[in-house]
Amino acid sequence: MAIAAHETASTELPMDTGVDRDHRRELATELGKALASCYVLYHKTHAYHWNITGPLFYSVHKLTDEQYEDIAKAIDDIAERIRSIGFAAPTGLGNYLQESIIEDAPGIKSAGDMIKELAEDNQAVARQLRPIIHKAEEVEDVYTADLLTARIGAHEEASWMLNALVVDKLESAAAA
Ligand SMILES: [Fe+2]
């Protein structure tokens, strides 16, 4: 009798590519937390893309379009990296919300608040990735280190572009 697809499910796959299994497991856990943050940031970026209003509407609508597409791709890359180092990618939206360092943000805010929040959230994800890269380099998981290094660049760029839209507001807040 054929084995049902669900009976082949495994949380861990055999592999031996030179990174110790315990190290891979630690990295998979940290990658899962980063994935959760990216998932919440993806949703927030998308929700603000839909709901932004005011003179900056078109700029932010276009910019967030690019950003949520980029995060969606990154989510897939991170989840598939977890699989590639032998472990199961996290499931369950409730689990993502619990693990994420990015706060969920239901409701509608002003354009300025949306932009500022997204800029800060992108920086927070970059900060979250830094120690994971350090760990990946320590255990010679060079691919994970490379993947996350590129993601830091993407989140820093996203933050720059968002902040640049409201730089006058930021300057007056800093001077106050
Ligand atoms: Fe859209």
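Stretched out straight at 0.36 nm per residue, the stretch from residue 77 to residue 127 would grow longer than its current Cα-Cα span by 16.1 nm. Modelled this way, with points 7 Å down the Cα-to-C-beta line, the labels at residue 157 and residue 138 are 3.0 nm from one another.
Would you mind getting me the FRET efficiency between residue 22 and residue 113? Use the beta-carbon distance for r and R0 = 41 Å, nearest 0.05.
Working: r = 43 Å, r/R0 = 1.05.
Plugging the Cβ-Cβ distance into 1/(1 + (r/R0)^6) gives 0.45.
Computed over the chain, the per-residue total of -39500 (n - 2.57) for DSSP H runs of n ≥ 4 gives a 222 nm mean residue ellipticity of -25000 deg cm²/dmol, rounded to 500. Helix 21-51 axis versus longest C-alpha principal axis of the chain: approximately 30°, rounded to the nearest ten. Pairs with C-alpha atoms separated by more than 19 Å, drawn from the list 33/135; 44/116; 73/135; 33/73; 44/135; 73/116, are 73/135; 44/135; 73/116. Annotation: amide H of residue 87 within the under-5 Å range of 13, sequence separation 5 or more or interchain, hydrogens built in the peptide plane. Packing-based ranking of 66-75, 27-36, 88-97 yields 27-36, 66-75, 88-97, ordered from highest to lowest mean Cβ neighbour count within 10 Å.
What FRET efficiency, computed as 1/(1 + (r/R0)^6) with R0 = 22 Å and r the Cβ-Cβ distance, is obtained for residue 62 and residue 104, rounded to the nearest 0.05?
On the way: r = 24 Å, r/R0 = 1.10.
With R0 = 22 Å, the Cβ-Cβ based efficiency is 0.35.
Could you work out how far helix 111-138 tilts from the main Cα principal axis of the chain, as a 0 to 90 degree angle to the nearest 10? Roughly 30 degrees between the two axes.
Readers should treat all values here as calculations from the given coordinates under stated rules, not as data from a laboratory. From a predicted model like this one, the values you see are computed outputs, not experimental measurements. With ideal geometry, Cβ positions are generated from the backbone for all residues, glycine too; neighbour counts draw on all protein chains shown.
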